[in-house]
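Working notes, beginning with the structure itself.
The values are calculated or read from the model by the stated rules, or taken from the named source; none is laboratory data. Since the structure is predicted, the reported quantities are computational estimates derived from the model, not experimental observations. Note: ideal-geometry Cβ built from the backbone for every residue, glycine included; neighbour counts use all protein chains shown. Just the protein is used for accessible areas: all its heavy atoms, side chains included, with ligands, DNA and RNA removed. Shrake-Rupley method; radii C 1.70, N 1.55, O 1.52, S 1.80 Å.
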Amino acid sequence: MKFNDDKAKMLIEMLPYIEKHSGKTMVIKYGGNAMKNERLKEAVMEDIILMSYVGINIVVVHGGGPEITKMLDRLKIQSEFINGLRYTDEDTMEVVEMVLAGKVNKELVLKINERGGKAVGLCGIDGNMLICEPTKEDLGYVGKIVEVNPQIIKDNLDAGYISMVATVGADREGNIYNINGDIAGSAIAGALKAEKYILLTDVPGLLEEPSMDESLISHVYKEDLPILFENGVITGGMIPKVNSCIEALNQGVKKVHILDGRVRHSIITELFTDAGVGTLID
């Protein structure tokens, strides 16, 4: 009986959160180990479907770096990195477009649909969603977003579909660009004035001591983030992620969550339970 009681308490605990979030729009940046590990991938898809079932409008923005690398290796196209960033020439860009907007995007759509969800695959080229220009000449076809046109996403959400967006965009001359996933997710969340922007990462969240998971900062206000930068709390790969969070908030997103994508069902634990996980920024 205790097992049934525990399950009932969990469901009852979820009710006010379901009521609170129903009808709201949330953008999830999906990548890292949660995308590479099949077991974690299944859990993320289940979380997304549950959120959709209870009336949340879901947009998933995804990358696919490991799949791109695998295909480049198979085609014997040499990858060059400049300051840790992949140089994207024309041949590489063709592979990026094929893998992200084709293979990875459609696999994720299929995983949602075969579990009873309703998903449609998009990329930043569709409906002129993400208009780009080059970030730096020495990185080739790596794009900086200069305009977001979210109407195609809104139309899909209105029709009841989860939008799965690959991070490929184009400029006004028809050149195609690879876009950083955190930046794309932030820009789309801002354009939609989303209730929440959720980043799945490979760390528990913001940590007071980067090497100590138990030093998790569960809540921080945007105004206090400069202090964390100054004190060296936000370092390395977390810097661009937090900057994308700040940009989303500046563009009208209500709250940002940085979650550990290595933990199964971290999204619904954060959204639908009293305990929550990860770091909330507002």
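Points to keep in mind about this one:
- In segment 56-120, counting only helices (runs of 4 or more DSSP H) that sit wholly within it, the ones holding 2 or more residues that are out of contact with any Gly (no Cβ under 6 Å at 6 or more places or on another chain), touching a residue at least 60 places away in the same chain (Cβ under 8 Å) and within 30 Å of HIS21 (Cα to Cα) span 105-113.
- When residues of segment 70-97 are limited to those that are open to solvent by 30 Å² or more (accessible area, probe 1.4 Å) and among the hydroxyl-bearing types (Ser, Thr, Tyr), the one modelled with the highest pLDDT: TYR87
- For segment 130-189, the candidate set comprises residues that are part of a helix (DSSP H, G or I) and either among the aromatic types (Phe, Trp, Tyr) or within 16 Å of ASP89 (Cα to Cα) (or both); within that set, the residue that is least open to solvent (accessible area, probe 1.4 Å) is LEU139.
- The condition of being of a type in the set (D, E, K, R), open to solvent by 10 Å² or more (accessible area, probe 1.4 Å) and out of contact with any helix residue (DSSP H, G or I) (no Cβ under 8 Å at 6 or more places or on another chain) does not hold for GLU67.
- Being touching a residue at least 12 places away in the same chain (Cβ under 8 Å) and assigned to a helix (DSSP H, G or I) is not true of LEU280.
- Cβ-Cβ under 7 Å pairs, at least 6 apart or on other chains, segment 25-52 side farther than 21 Å from TYR161 by Cα and touching a residue at least 12 places away in the same chain (Cβ under 8 Å), far side among the charged types (D, E, K, R) and not in a helix (DSSP H, G or I): GLY32/ASP202; ASN33/ASP202; ASN33/ARG262; ALA34/ARG262; LEU40/ARG262; LEU40/ARG264
- Any hit, segment 16-31, residues being touching a Gly at 6+ places or on another chain (Cβ under 7 Å), open to solvent by less than 90 Å² (accessible area, probe 1.4 Å), in a strand (DSSP E or B) and closer than 29 Å to GLY64 by Cα: yes
- Scan of segment 258-270 for residues that are touching a helix residue (DSSP H, G or I) at 6+ places or on another chain (Cβ under 6 Å) and either modelled with pLDDT under 90 or open to solvent by less than 10 Å² (accessible area, probe 1.4 Å) (or both), ordered by number: LEU259, GLY261, ILE267
- Of all residues making up segment 237-282, the number that are within 27 Å of ALA8 (Cα to Cα), of a type in the set (A, V, I, L, M) and under 14 Å from the mean Cα position of the chain (by Cα): 2
- Residue pairs meeting the criteria (Cβ under 6 Å; at least 6 apart or on separate chains; first in contact (Cβ under 8 Å) with a residue 60 or more places away in the chain, in segment 224-249; second assigned to a helix (DSSP H, G or I) and open to solvent by 60 Å² or more (accessible area, probe 1.4 Å)): SER244/ILE183
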